[in-house]
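Here is the structure we will look at, set down as structure tokens.
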Amino acid sequence: MVMDGQGGGIGRAIIRKLRDAFGEDMQILALGTNSLATSQMMKAGANRGATGENAIVRTAIEADIIIGPLGIIIANAMMGEVTPDMSKAIGSSKALKVLIPLTQERVEIMGLSGEPLPHLIDKVIEIIKGEEHDV
């Protein structure tokens, strides 16, 4: 499961790299906090997509891996697009969470290198290659 909001640019970039690394063998679900984000991720090659709180809450329960920006686990992040129920469902999910440390929120994670997004997504791919689950 790849989750993003606002314009969907981070999710789109993640899905493109996943497709490049794994081809069509991987099932990728695009979950957007809004329809624009979902649409951008679908154009990048996701197998299925859905939008909104209920879709995210229900899918997080079943996902093997959840990938997205750090804000997906912060209630009211992304200018309020991430609802408390969304962040709770993601945080409570048994899925492996692979979070990209980019956020517009007032959160600083100590010890991070501040690498650009393409390098961070390459690290996401390395982590996923170590897993044998669908995304």
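Summary table below
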read-out	value
Test result for Ala46, out of contact with any Asp or Glu (no Cβ under 7 Å at 6 or more places or on another chain), outside any helix (DSSP H, G or I) and within 22 Å of Gln6 (Cα to Cα)	yes
Which listed residue, of Ser113, Ser87, Ser92, Ser35, is closer than 19 Å to Gly7 by Cβ and polar (S, T, N, Q)	Ser35
Residue list for the range 74-103, filter: out of contact with any helix residue (DSSP H, G or I) (no Cβ under 7 Å at 6 or more places or on another chain) and more than 19 Å from Ile56 (Cα to Cα)	none
Residue check, Ile61 aliphatic (A, V, I, L, M) and within 11 Å of the chain's Cα centre (by Cα)	no
Qualifying position, being at positive phi and loosely packed, with under 14 Cβ neighbours inside 10 Å, among Gly52, Gly45, Gly80	Gly80
Enumeration of residues in the range 97-118 that are in a loop (DSSP other than H, G, I, E, B) and among the aliphatic types (A, V, I, L, M)	Leu102, Val107, Ile109, Met110, Leu112
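Condition check ((1) closer than 18 Å to Asn54 by Cβ; (2) of a type in the set (Val, Ile, Thr)) across all residues:
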| residue | (1), (2) |
| --- | --- |
| Val82 | yes, yes |
| Asp85 | yes, no |
| Ile90 | yes, yes |
| Gln104 | no, no |
| His119 | no, no |
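Quick note: the coordinates plus some simple rules give every number you see, no bench work behind them. Owing to the predicted nature of the structure, the values given are computational and were not obtained by experimental measurement. Positions of Cβ are generated from backbone atoms using ideal geometry, with glycine treated the same way; all protein chains shown enter the neighbour counts.
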